[in-house]
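The values are calculated or read from the model by the stated rules, or taken from the named source; none is laboratory data. None of the values given here were measured: they were computed from a predicted structure. Glycine gets a Cβ as well: all are built from the backbone with ideal geometry, and neighbour counts include every protein chain shown.
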Amino acid sequence: MTALLEIRDLRAEIGGRKILNGLDLTVNKGEIHAIMGPNGAGKSTLSYVLAGKPGYEITGGQVLFNGEDLFEMSPDERAAKGVFLAFQYPLEIPGVATLTFLRAALNAQRKKRGEEELSSPDLLKRVRELAKKLGIDPEMLRRPLNVGFSGGEKKRNETLQMALLEPRLCVLDETDSGLDIDALKVVANGVNQLRSAERGMIVITHYQRLLDYIVPDVVHVLAAGRIVETGGKDLALQLEATGYAQYQNEAA
């Protein structure tokens with residue numbers, strides 16, 4: 001197994017408040033890792049730190065992405081190298097058509113990699129093919145990005161972005177938040193289509209139900225800023241039955 005992401009003793013804080021307290025995690029190429037845990041455990045912080053969101057201070061530890069120091073890269077460099085964060089609450093951008101946004105994102109990534117920009121006809125063809133696979137109405141591509149979209153449409157749109165950009169590491173931050181069961185199945189199907197031997201995924205969730213559709217290779221419990229238990233899919237079922245109280249006590 002070749003390690004795609006190696007996190008060693010990661011410590012981070014925001015506004016002087018410690019959130020990650022010595023977190024260790026290795027994601028190999030081809031693997032899907034689920035991270036579960038109570039509110040305030042540090043799950044979203046982990047995703048923001050990996051993506052390079054401003055405001056978080058790294059106070060210790062190391063993160064290697066494909067053997068390179070992730071913290072030496074700016075957020076746009078991380079994106080060009082193949083790090084993708086799917087937000088819990090995708091942003092709305094009034095006045096910017098979804099297709100325009102997708103074109104800008106893809107061509108910015110290609111430019112950063114020293115590749116030629118994709119022509120409008122080629123991009124349109126590719127986006128339409130992906131949209132069809134994900135059950136996205138072509139009309140949605142003309143609408144302002146996420147404006148007036150339902151929760152399911154927003155997450156479907158983000159899955160489309162992910163499919164178009166073809167990241168090496170997908171970090172899904174509570175992608176099941178606010179989805180009904182039909183939308184959840186569509187989004188999970190889109191994520192499953194992206195499974196590959198060269199790609200790794202981190203799926204952050206509170207609930208086991210998402211893992212019925214995106215089946216993880218490994219499940220971790222994050223509590224008080226570090227991983228306190230690791231197991232297989234059965235661990236998620238156990239958490240559903242017993243909750244997180246025992247792990248919060250252990251972490252404390």
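If residue 200 satisfies all but one of (1) surrounded by 15 or more Cβ atoms within 10 Å (Cβ to Cβ); (2) touching a helix residue (DSSP H, G or I) at 6+ places or on another chain (Cβ under 9 Å), what's the number of the condition it fails?
The single condition residue 200 does not satisfy is (2).
Has region 175-187 got any residue that is out of contact with any Asp or Glu (no Cβ under 9 Å at 6 or more places or on another chain), at pLDDT below 85 and small (Gly, Ala, Ser)? If you could, list the steps in order and put the result at the bottom.
Filtering region 175-187 down to residues out of contact with any Asp or Glu (no Cβ under 9 Å at 6 or more places or on another chain) leaves 176-182, 185-186.
Now restrict to residues that are at pLDDT below 85: 176-180, 182, 186.
Narrowing the set further to residues that are small (Gly, Ala, Ser) leaves 177-178.
Scanning region 175-187, I find at least one residue that is out of contact with any Asp or Glu (no Cβ under 9 Å at 6 or more places or on another chain), at pLDDT below 85 and small (Gly, Ala, Ser), so the answer is yes.
Would you confirm, using the coordinates I've provided, whether residue 77 is touching a residue at least 12 places away in the same chain (Cβ under 8 Å) and either more than 22 Å from residue 220 (Cα to Cα) or among the hydroxyl-bearing types (Ser, Thr, Tyr) (or both)?
Numbers: touching a residue at least 12 places away in the same chain (Cβ under 8 Å): yes; either more than 22 Å from residue 220 (Cα to Cα) or among the hydroxyl-bearing types (Ser, Thr, Tyr) (or both): yes.
Yes; evaluated as a whole, the condition is true for this residue.
Looking for whichever is more than 18 Å from residue 187 (Cα to Cα) and more than 20 Å from the chain's Cα centre (by Cα) here; the options are 112, 81, 132. Which one fits?
112
What number goes with the only condition from (1) more than 16 Å from residue 43 (Cα to Cα); (2) out of contact with any helix residue (DSSP H, G or I) (no Cβ under 7 Å at 6 or more places or on another chain) that residue 216 does not pass?
It is condition (2) that residue 216 fails.
Which of the residues belonging to region 216-243 are within 21 Å of the chain's Cα centre (by Cα), part of a helix (DSSP H, G or I) and surrounded by fewer than 19 Cβ atoms within 10 Å (Cβ to Cβ)?
Across region 216-243, the qualifying residue is only 233.
Based on what the data block shows, is residue 158 more than 13 Å from the chain's Cα centre (by Cα) and among the acidic types (Asp, Glu)? Can you show your working first?
Details: more than 13 Å from the chain's Cα centre (by Cα): no; among the acidic types (Asp, Glu): yes.
Considered against the rule, which asks whether it is more than 13 Å from the chain's Cα centre (by Cα) and among the acidic types (Asp, Glu), residue 158 comes out as no.
Residue 188 - would you say it is closer than 30 Å to residue 67 by Cβ, part of a helix (DSSP H, G or I) and of a type in the set (Gly, Ala, Ser)?
Values: closer than 30 Å to residue 67 by Cβ: no; part of a helix (DSSP H, G or I): yes; of a type in the set (Gly, Ala, Ser): yes.
No; evaluated as a whole, the condition is false for this residue.
Are any residues in region 17-34 touching an Asp or Glu at 6+ places or on another chain (Cβ under 7 Å) and free of Cβ contacts under 8 Å to residues at least 60 places away in the same chain, and if so, which ones?
26
Here are the criteria: (1) charged (D, E, K, R); (2) modelled with pLDDT under 90; (3) in contact with a Pro (Cβ under 9 Å, 6 or more places away or on another chain). Tell me which single one residue 250 does not satisfy.
Residue 250 satisfies every listed condition except (3).
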